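Q: Handing you this structure, nothing more for now.
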Amino acid sequence: MYRTLIATLVILTTPQITLAQATYIKAGQLLDPAAGKVLTNQVIHIEDDRVIATGAINIPSDAKVIDLSEMFVLPGVMDMHTHIIRPVDRQFFARLFTSPHRAMIGGVVNAEKTLLAGFTTIRNVGAADYMDVALRNAIDAGEVPGPRMSVSGPPLGITGGHCDNNSLNHRFAQRADGVADGPWAVREQVRKNVKYGVDMIKFCATGGVFSKGTQVGARQYTLEEMQALVDEAHTHGRHVAAHAHGNEGIRYAIEAGVDSVEHASYLDPATIRLAKKNGVALSMDIYNTEYTLSQGKANGVPEENLNKERQVGNTQRESFRQAVKAGANVVFGSDSGVYPHGDNGRQFARMVRFGMTPMQALQAATIKPAELLGWAERVGQIQPGFYADIIAVPSSPLEDIEVMESVSFVMKGGKIYKHN
């Protein structure tokens, strides 16, 4: 009886072990972005949210099998420049009249659209009131569908700069959450962002296209302010992304030690070399010009902002071409939110049109952003130990990159979200 009682207690107090559910994917063509190769007739063994093995694997007769043998399979792709927290209403001034609660609901809608487009990981570079932190946490908890997110919370910027809110007159005392002037003020704001759970820090080093009263190429923040900001962020283990169109602002940001430059529209050869020397990634959004100039007026974008887009669009694409030619580290960053979420994949064709090979474009959306995020051992490849973030398209994007706009299969963390 005593032995029976002890055995019963052991059963009751020992944690229950649940056998991992195994899934096998048959991949007709499988991209290995690290090797720059395509493998054929591969099998991917998945248990729970991770890849266990790949290769010529014998599939058990009673196993769950997903047959993608007629498709091109690749790791879930990544977008390093998104604005996911946005009202669903496309009107330019909707954000002035939409409550933050409604914008948050828009973020939930946008996150699912982004995931279903095959983007299983994103960086969200700028959101008021730490709404992107909340969305990231909800996705991680499995409460809503969406990509893995690295988030910045409120972006830092100078008073009246691109990261401030400048649309209303002074009687409204409008001020963005991340406005901070001076070295100690930017340190304080970085500390506040870290306190409330951000993964990274984003700041505005120059003016921008969609802000009122700023010059696109004009530098904002002094070198001293940028150095203080980057030092504080790196002290807390956060990487730093700098919005910067003008060459001077780009150069200051690189000299201050940022990890990536967003937009990077006006590059000269010396600044490209500096970016390469310092290991700085360039995230250049070269699709959204088309959307802005074709749909901006209908969406209520003021002529001031459309004119700025006309000034910067072609120059940015030439800078992209030169950066790729020089061998700079260019990562996929689309600025989604400027155009409708879910259309992120349209950027691939423009990356190829303006200088990349299809393989380089796919690497820019897989292994390169994984390195930038510091997540190179968990995302960006289909390898043992990595998250089972897997997508498939009907045919080879190495032959027609536009197929990346038509993702047929999406798995994130071993869970299927789309299978056409």
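The values are calculated or read from the model by the stated rules, or taken from the named source; none is laboratory data. On a predicted model such as this, the values are computed, not experimentally measured, just so you know. Methodologically, a virtual Cβ is constructed for each residue, glycine included, from the backbone with ideal geometry; neighbour enumeration extends over all protein chains shown. Ligands, DNA and RNA are excluded from the accessible area calculation, which covers all protein heavy atoms including side chains. Shrake-Rupley method; radii C 1.70, N 1.55, O 1.52, S 1.80 Å.
Q: Distance from a point 7 Å along Cα→Cβ of residue 303 to each backbone N in region 88-125: keep the residues under 20 Å and list them by number.
A: From region 88-125, the list is 92-93.
Q: Along the charge dipole of region 60-178, pointing to its positive end and built from +1/-1 on Cβ of Lys, Arg, Asp and Glu, which listed residue (94, 121, 144) has its Cα farthest out?
A: Result: 94.
Q: With springs connecting C-alpha atoms under 10 Å apart, model the chain as a Gaussian network and identify which of 361, 180, 63 has the largest mean-square fluctuation.
A: Answer for the Gaussian network model of the chain: 63.
Q: With each pseudo-label sitting 7 Å past Cα toward Cβ, what's the residue 93-residue 144 distance in nm, one decimal?
A: 2.7 nm
Q: With a 10 Å cut-off between alpha carbons and a GNM built on the chain, which of 155, 60, 369 moves the most?
A: 60
Q: Let me know the charge dipole size of region 113-193 about its Cα centre in debye, to the nearest 20, where only the beta-carbon of Lys, Arg (+1) and Asp, Glu (-1) is charged.
A: Dipole size: approximately 100 debye.
Q: On average, how much accessible surface per residue is there in region 213-261, in Å², for a 1.4 Å probe, leaving out ligands, DNA and RNA?
A: Result: 34 Å² of accessible area for each residue.
Q: Cα-Cα over 23 Å: which of 325/368; 195/415; 113/212; 202/418; 202/297; 37/368?
A: Check vs 23 Å cut-off fails for 195/415; 113/212; 202/418; 202/297.
Q: Semi-axes of the equivalent ellipsoid of region 293-403: what are they in whole Å, largest first, if each equals the square root of 5 times a C-alpha gyration tensor eigenvalue?
A: Each semi-axis is the square root of five times an eigenvalue, giving 29, 17, 15 Å.
Q: How far apart, in nm, are two points set 7 Å out from the Cα along the Cα-to-Cβ line at residue 231 and at residue 184?
A: So the two model labels end up 1.4 nm from each other.
Q: Please check: in the Gaussian network model of the chain (C-alpha springs, under 10 Å), which one of 111, 242, 128 has the largest mean-square fluctuation.
A: Residue with maximal mean-square fluctuation among 111, 242, 128: 128.
Q: Put +1 on the Cβ of every Lys and Arg and -1 on every Asp and Glu Cβ in the chain; which of 252, 330, 366 then has its Cα farthest towards the positive end of the dipole?
A: Going by the Cα projections, it comes out as 252.
Q: Here's something else I'd like to know. With a bin width of 10 angstrom, please list the P(r) values of the chain as percents of all Cα-Cα pairs, from the 0 bin to the one holding the largest distance.
A: All Cα pairs considered, the percentages come to 5, 22, 31, 24, 11, 5, 2, 1, 0.
Q: Still on this structure: I want the antiparallel fraction of DSSP beta bridges within the chain, as a percent rounded to 5.
A: 45 percent
Q: Here's another thing I want to ask about it. How large is the helix-only mean residue ellipticity at 222 nm for the chain, computed as the sum of -39500 (n - 2.57) over DSSP H runs with n ≥ 4, divided by its residue count, in deg cm²/dmol to the nearest 500?
A: After summing the helix terms and dividing by residue count, I get -10000 deg cm²/dmol.
Q: Spelling out what I want: for every residue of region 30-39, take phi, set θ = phi - 60°, compute 6.51 cos²θ - 1.76 cosθ + 1.60 (Karplus), and round to whole Hz; glycine and proline get x.
A: 10, 7, 10, x, 5, 8, x, 10, 10, 9
Q: Compute the longest continuous run of the chain that contains no exposed GluC sites (Glu not before Pro); treat a site as exposed when its DSSP state is not H, G, I, E or B and it has at most 11 other Cβ atoms within 10 Å.
A: Here the longest segment lacking exposed loop sites spans 144-376.
Q: Right, here's the next one. In region 197-295, with Lys and Arg counted as +1 and Asp and Glu as -1 at Cβ, which of these residues, 265, 240, 218, has the Cα nearest the positive end of the dipole, that is, farthest along it?
A: 265
Q: For region 310-419, with all protein chains present and a 1.4 Å probe, just round the carbon and sulfur fraction of the accessible area to a whole percent.
A: That fraction is 41 percent.
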